[in-house]
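The values are calculated or read from the model by the stated rules, or taken from the named source; none is laboratory data. Keep in mind that this is a model prediction, so the values were computed, not measured. Neighbour counts run over all protein chains shown; Cβ positions are idealised from the backbone, glycine included.
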Amino acid sequence: MHTMATRHSRRNAPAVPPMPAAAPACADDELRWQAVQRRDKAADGQFYYSVRSTGVYCKPSCAARLALRKNVAFHDSCAAAEAAGFRACKRCKPNQPRLEERQAQAVAQACRLIEQAEAPLALETLADAVGLSRYHFHRLFKAHTGVTPRAYADGQRAERMRSRLPGSASVTEAMYDAGFNSSGRFYEQSGERLGMKPSAYRQGGSGERICFAVAQCWLGALLVAATAKGICAVALGDDPEVLVQELQDRFPKAELVGGDAQFERMLAQVLGFIEAPERGLDLPLDVRGTAFQQRVWQALRSIPPGVTLSYSALAERIGSPAAVRAVASACANNEIALLIPCHRIVRLDGSLSGYRWGVERKQALLEKERVAKP
Ligand SMILES: [Zn+2]
């Protein structure tokens with residue numbers, strides 16, 4: 001997780017740039033030899049070293065006995081080492097992808113299998129398919145995606161359900177189409193997955209009651225809206241009326257009601273959180289999105305204040321390194337400003353990309369978090 005490096009900067013360190021600098025360069029042979037002597041894991045992948053007396057080449061971190069300096073040569077890639085006549089060390093296996101990459105690949109492969117399966121797959125089947133033990137697979141999957149394989153599969157089915165619902169003849173038919181095999185199970189889950197009951201969804205969200213309130217904060221007007229299940233929208237803007245109008249457009253058939261005393265307390269908690277995000281917020285969110293979007297948003301919530309990530313680092317973190325565009329689009333579709341901190345995502349070069357609620361607000365937020373960082 002070298003992308004998290006800024007988090008560990010010392011208290012009095014000079015201001016850090018939004019993105020951490022590249023890993024330490026192994027610029028010359030002296031530095032490379034030092035890395036080998038330290039068996040420096042951070043140098044793995046940056047270069048390889050061969051040992052003339054044994055004919056093998058290794059990763060810098062190889063645990064094998066240290067060779068004599070006079071027998072060691074350095075190579076930029078496995079191919080270069082092999083072209084020079086060396087074979088891969090059996091111990092550190094330098095020509096195999098790094099462990100984290102292999103794990104990310106295994107999880108991504110399992111996600112594809114789940115997405116393509118017509119019927120739910122057993123944990124054992126999935127673990128076997130990617131060559132891991134059941135226990136290890138379950139743990140890895142959860143670590144990479146933030147959800148269990150079962151929850152991911154449920155989310156996928158709900159997504160298919162959602163895409164079929166408006167045109168389907170009946171909810172029951174849509175349910176079978178989407179691979180739910182008992183209506184009890186579907187109803188037990190659908191409220192949670194779709195954000196509302198299937199019948200309400202078909203009618204454009206009618207019958208839903210959404211409480212909202214607008215407050216002023218240092219970022220301008222702030223609208224917070226919640227269903228009985230939790231916060232479903234947080235928006236920022238200059239004009240409170242525009243914010244309310246946008247909420248209405250998003251939930252055209254829901255009943256919008258002003259917040260009561262209990263809601264005011266929730267609003268106060270949100271305002272407190274905006275002032276000091278490092279203190280955390282213990283309020284339920286009612287997030288409405290596809291399984292993929294939910295994975296992205298969950299990953300966003302794990303980025304601490306004062307830290308920024310690139311879209312590609314976030315894509316890697318959810319185990320879908322190739323899905324950078326989909327990740328960017330999920331960030332752009334985030335309905336819950338600040339609590340799902342999409343403002344902590346920046347371009348690879350550290351520059352700010354767009355922000356749904358105004359790029360100046362994004363800049364102000366990041367600046368405040370950087371200064372306040374413990
Ligand atoms: Zn080795």
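Below, the figures for the structure above:
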| item | result |
| --- | --- |
| Only listed residue being within 16 Å of the ligand (Cβ to nearest atom), assigned to a helix (DSSP H, G or I) and not basic (Lys, Arg), chosen from Val36, Val107 | Val36 |
| Among (1) surrounded by 12 or more Cβ atoms within 10 Å (Cβ to Cβ); (2) modelled with pLDDT under 85 - the single one Ala25 does not satisfy | (1) |
| Residue selected from region 208-219 under the condition assigned to a loop (DSSP other than H, G, I, E, B) and at pLDDT below 85, by the criterion farthest from Glu360 (Cα to Cα) | Glu208 |
| Boolean, Ala42 is in a helix (DSSP H, G or I) and either away from the ligand (no atom under 13 Å from the Cβ) or crowded, with 18+ Cβ neighbours inside 10 Å (or both) | yes |
| Residue match in region 265-280 (condition: over 22 Å from Leu365 (Cβ atoms), at pLDDT below 80 and part of a loop (DSSP other than H, G, I, E, B)) | no |
| Test: Leu348 is surrounded by fewer than 15 Cβ atoms within 10 Å (Cβ to Cβ) and in contact with a strand residue (DSSP E or B) (Cβ under 8 Å, 6 or more places away or on another chain) | yes |
| Condition met for Glu173 (surrounded by fewer than 18 Cβ atoms within 10 Å (Cβ to Cβ), at pLDDT 75 or above and farther than 23 Å from Val327 by Cβ) | no |
| Of all residues making up region 316-333, the number that are crowded, with 23+ Cβ neighbours inside 10 Å and either in a loop (DSSP other than H, G, I, E, B) or among the aliphatic types (A, V, I, L, M) (or both) | 4 |
| Residue tally, condition in a helix (DSSP H, G or I) and either among the aliphatic types (A, V, I, L, M) or buried (at least 22 other Cβ atoms within 10 Å of the Cβ) (or both), over region 295-315 | 9 |
| Complete set of residues in region 135-149 that are part of a helix (DSSP H, G or I) and loosely packed, with under 15 Cβ neighbours inside 10 Å | Tyr135, His136, Arg139, Ala143 |
| Options Ala119, Ala110, Ala88: the member that is aliphatic (A, V, I, L, M) and in contact with a strand residue (DSSP E or B) (Cβ under 8 Å, 6 or more places away or on another chain) | Ala88 |
| Identity of the residue in region 339-374, β-branched (Val, Ile, Thr) and assigned to a helix (DSSP H, G or I), that ends up farthest from Gln294 (Cα to Cα) | Val371 |
| Single unsatisfied condition, Pro120 versus (1) of a type outside the set (A, V, I, L, M, F, W, C); (2) closer than 26 Å to Ser312 by Cβ; (3) more than 14 Å from the ligand (Cβ to nearest atom); (4) in a loop (DSSP other than H, G, I, E, B) | (2) |
| Residue in region 86-104 that is nearest to Tyr135 (Cα to Cα), counting only those that are surrounded by 15 or more Cβ atoms within 10 Å (Cβ to Cβ), of a type outside the set (A, V, I, L, M) and more than 9 Å from the ligand (Cβ to nearest atom) | Gln103 |
| Residues located in region 51-85, provided they are part of a loop (DSSP other than H, G, I, E, B), near the ligand (Cβ under 9 Å from one of its atoms) and more than 36 Å from the chain's Cα centre (by Cα) | Ala64 |
| Residues located in region 220-241, provided they are surrounded by 13 or more Cβ atoms within 10 Å (Cβ to Cβ) and outside any strand (DSSP E or B) | Lys229, Pro240 |
| Test: Gly131 is loosely packed, with under 14 Cβ neighbours inside 10 Å and more than 16 Å from the ligand (Cβ to nearest atom) | yes |
